[in-house]
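Novice: Submitted below is the structure of interest, expressed as structure tokens.
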Ligand code: GAP
């Protein structure tokens with residue numbers, strides 16, 4: 001059983017992530033770049049598994065969904081139509097001395113700059129979108145925005161998908177991709193950053209059926225987190241109050257996770273109505289209606305949007321699986337990630353009992369057989385006990401050990417379970433089947 005998130009010191013997670021190669025501070029050799037992070041060899045596998053599980057669940061296992069991978073840079077009119085050019089802003093005050101900016105709502109009752117004691121300007125609206133320029137001339141004609149959500153790439157392709165796939169409502173389009181926001185208060189490790197990855201669905205429905213689909217998606221998405229191992233008591237649903245609803249939403253529910261610093265949003269599931277398609281119809285003068293051949297009507301579909309973050313989900317899986325077991329002394333402590341086998345970065349570790357000249361070639365042979373089926377790691381450095389601990393700490397669900405019984409007696413190996421630490425013997429010929437059984 002993993003620890004309750006409230007008992008976890010986030011510094012331990014950050015330190016494990018760096019030590020074992022899950023997540024490094026970005027541009028580390030230059031002292032890092034505020035709130036940007038790089039996924040290391042294990043982190044990239046973990047996050048990729050999270051995204052693959054999402055894609056499997058919302059695209060491959062459904063008949064009513066297709067995928068898309070749209071460009072990050074989009075025509076600037078997109079952001080005028082979506083409302084982001086005007087409305088995606090935070091009111092900020094700026095210190096007249098050191099020019100640091102603060103969110104106005106965080107400075108209530110504070111008269112002077114907390115950094116240098118300078119006076120504040122009046123609050124002004126700052127757009128959270130990051131900008132860049134296309135081509136050699138840096139003028140306003142060539143300015144484009146880095147997308148702050150992947151959603152708009154889906155909306156502008158609505159007709160392309162309908163025409164090319166002959167889809168009928170209800171159906172959805174899923175997309176995973178980077179988004180950028182010039183967040184004023186990034187923090188909590190990879191929870192809030194300025195460059196992040198979203199996993200978004202725009203699900204198009206007949207107006208009038210939207211509320212029913214909203215509920216179905218809320219249930220489906222909640223179940224996905226539970227199926228991948230998040231403990232139900234650490235998840236909850238919170239409905240947005242009227243004043244926190246985004247400009248495009250009729251209603252919205254957040255799936256929240258109980259992070260070590262408190263309940264925070266993992267994923268938002270909004271009813272965006274026909275807002276976006278209507279806006280794009282107006283701004284592009286292209287027809288965004290759908291012809292319903294059952295009712296013989298043209299209409300603009302309503303949209304349910306389950307929108308999650310790949311980085312936040314990955315962090316929640318790390319936190320929810322983190323455990324420290326036994327041992328008063330630090331040396332006896334077993335740190336374990338009880339990750340679901342479907343997202344664990346390494347599924348099987350192959351370990352010879354020692355670096356013995358007979359054991360090593362046999363263990364290498366076993367390794368080359370099973371790496372065809374699972375992501376594997378071979379390790380023969382240091383004692384077997386330390387190697388088990390190293391694998392526990394990165395969440396490897398099973399370890400296969402080749403010992404003297406293997407080579408001298410019966411060609412059997414041990415399979416050690418990460419969570420129970422129980423060991424069972426299996427003949428090498430049956431190993432792949434036994435591992436499939438355990439890991440499924
Ligand atoms: N298209 C709707 C949309 O973008 P959002 O609630 O602003 O809605 C959706 O973002 C999800 O994207 C969030 O639930 C979160 O998981 C992720 N996300 C948003 N801002 C983020 C940030 N600064 N850092 C990391 N993840 C972020």
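The values are calculated or read from the model by the stated rules, or taken from the named source; none is laboratory data. Treat the numbers as computed from the prediction; the structure is a model and nothing was measured. Please note: Cβ atoms are built from the backbone with ideal geometry, for glycine as well, and neighbour counts cover all protein chains shown.
Novice: Looking only at the stretch 228-254, count how many residues are within 25 Å of residue 317 (Cβ to Cβ) and in contact (Cβ under 8 Å) with a residue 40 or more places away in the chain.
Specialist: Of the residues in the stretch 228-254, 5 are within 25 Å of residue 317 (Cβ to Cβ) and in contact (Cβ under 8 Å) with a residue 40 or more places away in the chain.
Novice: Something else now. Confirm whether residue 189 is surrounded by 15 or more Cβ atoms within 10 Å (Cβ to Cβ), in a loop (DSSP other than H, G, I, E, B), within 13 Å of the ligand (Cβ to nearest atom) and under 25 Å from the mean Cα position of the chain (by Cα).
Specialist: yes
Novice: Another one. Hey, any hits in the stretch 195-202 for a residue that's over 14 Å from residue 266 (Cα atoms), in contact with a strand residue (DSSP E or B) (Cβ under 7 Å, 6 or more places away or on another chain) and crowded, with 20+ Cβ neighbours inside 10 Å?
Specialist: Within the stretch 195-202, one or more residues are over 14 Å from residue 266 (Cα atoms), in contact with a strand residue (DSSP E or B) (Cβ under 7 Å, 6 or more places away or on another chain) and crowded, with 20+ Cβ neighbours inside 10 Å.
Novice: Of the numbered conditions (1) touching a residue at least 40 places away in the same chain (Cβ under 8 Å); (2) part of a helix (DSSP H, G or I); (3) in contact with a strand residue (DSSP E or B) (Cβ under 8 Å, 6 or more places away or on another chain), residue 336 satisfies every one except a single condition; which is it?
Specialist: Just one mismatch for residue 336, condition (2).
Novice: So is residue 204 away from the ligand (no atom under 14 Å from the Cβ), closer than 27 Å to residue 55 by Cβ and touching a residue at least 40 places away in the same chain (Cβ under 8 Å) or not?
Specialist: Taking the combined requirement at face value, the residue satisfies it.
Novice: Got a sec? Which of 347, 358 is touching a residue at least 40 places away in the same chain (Cβ under 8 Å), exposed (fewer than 15 other Cβ atoms within 10 Å of the Cβ) and in contact with a helix residue (DSSP H, G or I) (Cβ under 6 Å, 6 or more places away or on another chain)?
Specialist: The match here is 358.
Novice: Within the stretch 230-258, can you find the residues that are more than 12 Å from the ligand (Cβ to nearest atom), surrounded by 18 or more Cβ atoms within 10 Å (Cβ to Cβ) and either modelled with pLDDT under 95 or not in a helix (DSSP H, G or I) (or both)?
Specialist: Those that are more than 12 Å from the ligand (Cβ to nearest atom), surrounded by 18 or more Cβ atoms within 10 Å (Cβ to Cβ) and either modelled with pLDDT under 95 or not in a helix (DSSP H, G or I) (or both): 230, 235, 258.
Novice: Could you list, in sequence order, all residues of the stretch 259-269 that are farther than 30 Å from residue 156 by Cα and within 15 Å of the ligand (Cβ to nearest atom)?
Specialist: 259, 261, 263, 264
Novice: When the stretch 148-166 is examined, which residues are found to be touching a strand residue (DSSP E or B) at 6+ places or on another chain (Cβ under 9 Å), under 14 Å from residue 83 (Cα atoms) and near the ligand (Cβ under 9 Å from one of its atoms)?
Specialist: Residues satisfying the conditions are 148, 149, 151.
Novice: Additional query: Filter the stretch 406-425 down to residues that are in contact with a strand residue (DSSP E or B) (Cβ under 8 Å, 6 or more places away or on another chain) and farther than 23 Å from residue 386 by Cα and give me whichever is surrounded by the most Cβ atoms within 10 Å (Cβ to Cβ).
Specialist: 411
Novice: Give just the number: which of (1) more than 30 Å from residue 159 (Cα to Cα); (2) outside any helix (DSSP H, G or I) does residue 272 not satisfy?
Specialist: (1)
Novice: Name the residues in the stretch 169-186 that are closer than 18 Å to residue 148 by Cβ, more than 10 Å from the ligand (Cβ to nearest atom) and assigned to a loop (DSSP other than H, G, I, E, B), would you?
Specialist: Within the stretch 169-186, 184 is the sole residue that qualifies.
Novice: Restricting the search to the stretch 168-186, which residues are modelled with pLDDT under 95 and more than 20 Å from the chain's Cα centre (by Cα)?
Specialist: 184
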